[in-house]
Structure formats: structure tokens, C-alpha cells
Amino acid sequence: MSDSGDSDVYWVPYKERPEWSDITPVPEDDGITPVVVIAHSEKFKDVYDYFRAVLQKNEKSERALHLTKDAVELNPANYTVWQYRRDLLKELDTDLRSELYYVECVIKQSPKNYQVWHHRRVLVEWLQDPSQELDLTGDTLISDPKNYHAWQHRQWAIKTFGLFDNELEFVDNLISEDVRNNSAWNQRYFVMNNHLGWSDLNVQKEICYTLEKIRFIKNNESAWNYLRGVLLHDKRGLSGNAVVLSFCEDLFKNRCHSPYLLAFIIDICDEVIKKGEASLMYGPERALELCKALADKYDKIRTKYWNYMANKFKALIDLKATY
Amino acid sequence: MNNEENNCLAHRQHVKYFMRFLNVLPSSLSSHDTTRVTIAYFSVVGLDVLGSITSMTIDMQSRIIEWIYRLQVEPNKETGDMTACGFQGSSTINMPFDSEKSQYRCGHLAMTYTGLCVLLTLGDDLSRVNRKALVEGVKALQREEGNFSATLSGCESDMRFVYCAACISYILNDWSGFDVKRATDYIINSIGYDYGIAQCPELESHGGTTFCALATLSLTNQLDKLTIEQIEGLKRWLLFRQIDGFQGRPNKPVDTCYSFWVGASLKILDALHLSNFESNKSYVYETQDCVVGGFSKWPDTCTDPMHTYLGLAGLSLIGENGLLEIVPTLNITKKAHDHMKYLHQMWETES
């Protein structure tokens, strides 16, 4: 959505429009030593020369409102244009519903632009009406399921206006579509944390849900991270949940060597050691062995990291030997 | 250009690349109209990392300095109000306003930060920077939750601007506009269940925002507010971003810029040496354009100044030959950082 250039044959420059003849355009004054100069099109210069002129006068008019649309089209990232437009909307008492529709169109053209989403948020705040936000962000996330702006706006709307009711279903659909969608897993945590809560029952339910997804695709960091997130709310920690332990040991026995599984077992060992519990299964020896397996075989891009981890466990074993 | 031969630095081409961006850009870059200072930053600091500041004539260097200073927003002449002070990103809105209509002419934290970095890199003594005004400008943008907006004139607030505010305060050696306690709380509240850090609390962890957060904690001497668990969790999360180069989030494609964002985060945590330098380097070189210079985010795609600078910065972090050392927190060369330290001493003796 950058400068569309001078190719538009129907375009009448502002300087040739009779209804603007009372305005003296204000050219950009970039000083006598400009650098990083953008070779703007004639259209861009024309629109922004008039934009500067009305801004300088602080003219609050319908024509100024219209001008901001042209300015946005040429550069939707100009935050001053958007701010001025908001000031105009207020001053002119414009119908904000049509503005919602307008910004929706701009968002669809520039879904990764900070300014358009900010504009949207202010409008929703003014109207105190979030009824379209789930659809808007939902549509955006269909074409780009990891769009950070859309997720941020969605979380804001949900939290501010309490729109949690159908969110788990929405998240579930996204995860079913792409079980590696980390944004969707994060949203799942958001819903649990703010809405459904971490009752013992919910913790168990989430564990079962996640294990099912891991069973399906084992080498998926997003699901393993979520599992850890859920277990933050299990008083017994990583190492105390029998369902999780037997799931991991089953995978391990079946020769699953996913780094996420092995890292998880290492962390179980680490927790058991820190709790000071004596365990045959989850001691420093096993952790050391797994670190070495990761370093030498299963996660060689992180060899140095796993050696670093191995050294910690080795130090514990050495310490134990001296007593 | 992903062949074996492309595993060395096209030094001369990158110098030319940045020099071109310092001059004239095509109209297709109009969406960068309000953020031209950042392009100057990538180019000038990029040339510095290449050890090639002197490729610019003295005249060119002083032109850049003059241009940056023109973008400084001074206190309101009638009221003395300093809340709008800082640097603008370009001259788009840089015209005279009547005092009571001047609310649209205001600084922007990212432009102030990168503008100051350009000045430092060019060896300017910051004597024309209105330090007190800039600090007041920073102060006006901190929000209750501890994060910062970028500008007074209607804008979102998030981790990026916490970082910019910290950099400005650090460069000016004046923290009176930055509530460290509140910013630290905001950062810690933005740590996710996977130990990565997000743009704001509860959003998805992200390599870029994790850098902003960790660099801020480092610049404010607050890294010790992280628990051992959080530090080890962060190391793990960051190191798991490495595929060959680095990705910004789990299950996302690798991108050249994360060799800096994630690399610098690891460096701040003293854990960069635990990553795989060779794979990282190979990936970044796959995105190098050997013919006209520049780096892109993915192999065989369009280069741009940001990915070019961050590619070089990422390579510098892992000690690539022919590149100057950079200070990961501030994202300028050590040379420029030393110059800043020297200025701090001068200011001490003055006061």
C-alpha cells in the first residue's frame, strides 16, 4: 500500500481543484541538507502539501476529513494523519459506524500496520461497541493465523468487554487446522487463565487435550510449551502428575526422541532433584544421560547448550560422590 | 545466491548499498515517509559496523547531523511545555505551528532513540541536544502500567517503546523521565508461560519483544529481578529459536533479523556461546545479495536496510571478521558507545 504513483488518470490534483483554491499548499521543508530522501510521486507531494496546510491551520472541515483519506491511502503508517482524522471525526460529529467500516477496509489492505489497528481500537472505545471485533480479527486470522496485531486487538477486545464465551471453540478450530499454530496455543492459555480458570478438573482436561495433540504430532514445541504452562497450575508440578509421567515414559519407551520430550524429562528430573526427593527414575544420572543424547544425537544444533545442561547434572553427581 | 561461495561478506557492496539509501529512495518506500530517521540509523550504524564510516565524506556526515538536528522538537515557545520534545522521524510534519495548534508536531521515541544513535555514531558531541527537554518528553509518554507510548499524538504503547525510552535515558545519562520500577513490573508481567517475553502481558512470546525487554532490564541494571528459573527458561526459549538461523516465535519461519534480536538477547544473558555459530552464519549469508549488497529476511527475496543492518549486527555478535564489535543493548558499535561514555564524563565535570 505504498505510493501508487502517478498512474491514476482520473486523479485531479488538489492544486487544480477549485474548491481548494483558498488554500496555499505547504511544501515539505526538509532543510538544505536532506538525506534519505524519498522520491515521492507528484500525487504524494500534492496530497501532503495540502495536508500540511490544513493541519497548520487546524481546519476542522468535511473537506479536510476527505483529504485525510487520500493521505492515508498514500501512507497508512502516518500516525499524524490518523490522529488528525480522529480529531476531525470528533469535531464534526461524524457517524462513527461508517468510520468503523472504513477502517475495516484499510485493515484488510494493511493488516500488519500498527496505526490502523490503533485507530480501530479508539473507535471501539468511543462507541463502547465491540460487537464486530471478533469477526474482524477472526477474518484477519483466517488469511494470516499468526498476525500479531490481530491477536493483540482480539485479546484487548475480549478482555476489555468480557467476550470470552466462544473463544475456546475459536481456538480449538485454529489448533485443529494447524496444531503448530503457537499463537492459537497462547490464546488457549489466555482463555483458561482469564476465564475458565485452573481448577483441578480444568488442569486435567487441558492436560488430556494437549497430550492428545502431542500423540498426533510429537515434535511440536507449541504443544509441549503449553503442557508446561498448564502444569504451572498443578500443585504437584511437572513431576507429580501420573498421567503426564506415564505418557512421557510411553513415548520414551517407543523410541520417541523428540528434543521436546527429552527436555521435558530432563526438567522433571531437575524438579525432583530440587525437591530433594530420592528417585530412581528421575535423578541426575538420567538427566545427564538425556543431555548427552541430545547433545550428541538428537538435537545437535544445540550441542553446546545440552553440554552446558549436562555439566550442571554432572556437578551434582560429583558432589554426591564426595559425600 | 545460496551457494558455498556466498559464505563471505560482500563488504564493498554493502557499503555501496547503505550509501545509496542515505541519498535517494524510490517512491515505493513512501510508507517509510514518517520514519526516515530509522533508515538513516540502519545505514549510518551499518556503515560503522562495516568499519566504513569514512566512506561518507565529512560533508555528508555533517549533512546528516544537521538534518537530524532539524528534527528536534523544542519546548513550546509560549508555555515552555516540554512534553512534545524529542525527534521527529522526518520533515513531513516539521513546519511552524502557532503555539496553540502545535499538538501535532511532536517527537517519537523510536526516532529520538535512533536519531541519538546516528549522532553518537557520527561522533557528534550532542551539544545541541536539549537533554532536559528530551527527558521530559520521555516522561510524558510512560503509562500507568509501566509501558510507553511512542508519541503524544495518538499511538499504541508496548514493549518496543519501553526499550526506546530506556535507550534515550541511558544515552542522556538521565533516568528522571523513566520510572524503572514500573517498567520492570511491566516487563516481568509480560513473561509468558513458555518464558519468552511478549509485546504486552498475555500476548505471545516474541523474539523482538524479548530483546526489547532484556535490553531494557540490562540498561536499567534490573536483570537481577529475574529469578534463576526465568533466566534459565529464557535461555532455553531463545536457544530453541535456532533452526539454522533463528525464528522469532515457535513454529515460524527463520528470518535474518532474529540473528540479531535473539542473538543479542542471548548475549545479554551471557548465553550466546551456547548457540550454533556456524549454522547461524550460513543462514544469514544465504540471505545476502552479493551483487548489489544488502540482506533480506529469507533467501532470494528483496533486501531492505533493516534486514541488512540486523544481518550484519547478528554476524558481528558472533565475531565475524571485518565487522566492528557492537553493544547489544544499545545496538550501536562499541566505538560509538565509548564515545557516549566519554560524553557522560564531560557532562559530569560540567555539572
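The values are calculated or read from the model by the stated rules, or taken from the named source; none is laboratory data. Being a predicted model, the structure only gives us computed values, none of them experimental. Every residue, glycine among them, receives a Cβ derived from its backbone with ideal geometry; neighbour counts consider all protein chains shown. Side chains included, ligands, DNA and RNA excluded: accessible areas come from the protein's heavy atoms. Shrake-Rupley method; radii C 1.70, N 1.55, O 1.52, S 1.80 Å.
What's log10 of I(q)/I(0) for region A:1-160 at q = 0.09, 0.19 Å⁻¹, Debye sum over Cα points only, no solvent? Each listed q maps to, in turn, -0.34, -1.21. Among B:72-79, A:143-150, the peptide with the highest mean count of other Cβ atoms within 10 Å heads the list, and the full ranking is A:143-150, B:72-79. For the protein assembly as shown, the normalised intensity computed at q = 0.06, 0.07, 0.11 Å⁻¹ comes to -0.37, -0.50, -1.20 (log10 of I(q)/I(0), Debye sum over alpha carbons, equal scatterers, no solvent). Determine the relative contact order of chain B: mean sequence separation of Cα pairs under 8 Å and six or more apart, normalised by residue count, in whole percent. Relative contact order comes out at 19 percent.
The orientation-averaged shadow of the Cα convex hull for region A:39-88, equal to a quarter of the hull surface, comes to 3.2 nm². Of the Cα atoms belonging to region B:32-186, the radius of gyration and Dmax stand at 15.3, 46 Å. Extent along the principal axes, Cα only, for region A:113-177: 36, 26, 14 Å, with the longest axis given first. For the pair A:CYS105 and A:GLU125, a Förster radius of 25 Å applied to the C-beta separation gives a FRET efficiency near 0.80, rounded to the nearest 0.05. Using a Gaussian network model of chain A in which every pair of alpha carbons under 10 angstrom is joined by a spring, one finds that among A:ALA184, A:ALA39, A:ALA71 the greatest mean-square fluctuation is at A:ALA39.
Return the equivalent ellipsoid semi-axes of chain A as a descending list in whole Å, where each equals the square root of 5 times an eigenvalue of the C-alpha gyration tensor.
One finds semi-axes of 57, 24, 16 Å for chain A.
Rolled with a 1.4 Å probe across the full set of protein chains, the surface gives B:LYS181 an accessible area near 130 Å².
3J(HN,Hα) couplings calculated from phi for region A:31-48 with the Karplus curve 6.51 cos²θ - 1.76 cosθ + 1.60 (θ = phi - 60°) are, in sequence order, x, 8, 10, x, 10, 5, 7, 8, 7, 4, 6, 4, 4, 4, 4, 4, 4, 6 Hz; Gly and Pro show x. Three principal axis extents of region B:247-350 based on alpha-carbon atoms, in descending order, are 52, 32, 23 Å. For the set A:GLU73, B:GLU100, solvent exposure ranked by accessible area (probe 1.4 Å, protein chains only) runs largest to smallest as B:GLU100, A:GLU73.
If the Kirkwood radius is taken over C-alpha pairs of chain B, then at 10 °C and 1.306 mPa s the Stokes-Einstein diffusion coefficient equals 77 µm²/s. If both residues of a DSSP beta bridge must be in the protein assembly as shown, then about 85% of such bridges are antiparallel. Sequentially through region B:216-224, phi angles give Karplus couplings (6.51, -1.76, 1.60; θ = phi - 60°) of 5, 4, 5, 5, 9, 6, 10, 4, 6 Hz, Gly and Pro residues having no value and appearing as x.
Taken over region A:170-323, the percentage of Cα pairs per 5 Å bin, counting from 0 up to the bin with the maximum distance, is 2, 9, 17, 19, 19, 16, 10, 6, 2, 1, 0, 0. Based on Cα atoms of region B:208-290, Rg over Rh with Rh as the Kirkwood radius reads 0.99.
Counting Cβ atoms of other protein chains within 10 Å of each Cβ in A:271-277 and taking the mean gives 0.
Ignoring lysines fewer than eight residues from A:LYS45 along the same chain, the ones with Cα atoms less than 22 angstrom from its Cα are A:LYS15, A:LYS57, A:LYS60, A:LYS69. Here the Gaussian network model covers chain B, with springs between Cα atoms less than 10 Å apart; of B:PHE97, B:PHE295, B:PHE178, B:PHE97 fluctuates the most.
Expressed as a rounded percentage, what relative contact order does chain A have, with Cα pairs under 8 Å and six or more residues apart? Answer for chain A is 8 percent.
Using a cutoff of 8 angstrom between alpha carbon atoms and counting only pairs six or more residues apart, the relative contact order for region A:191-306 works out to 18 percent.
For region B:142-231, the gyration tensor built on C-alpha atoms gives an oblate shape. Its axis ratio a/c (a ≥ b ≥ c) is at least 1.5, and a/b is not larger than b/c. With Rh defined as the Kirkwood radius, the inverse of the mean 1/r over Cα pairs, the Rg/Rh of region A:248-299 is 0.97. The mean of 1/r over all pairs of different alpha-carbon atoms in region A:47-140, once inverted, gives a Kirkwood hydrodynamic radius of 13.6 Å. Remark on region B:102-164: ratio of C-alpha radius of gyration to 2.2 N^0.38 Å is 1.16. Total lysine pairs in region B:185-333 at Cα distances under 21 Å, for residues eight or more apart or on different chains: 9. Cross-link check: pairs A:LYS253/A:LYS274; A:LYS43/A:LYS108; A:LYS274/A:LYS320 evaluated at a Cα-Cα cut-off of 20 Å; pairs beyond the cut-off: A:LYS253/A:LYS274; A:LYS43/A:LYS108.
In region A:103-233, the alpha-carbon atoms span a convex hull of 100 Å³ per residue.
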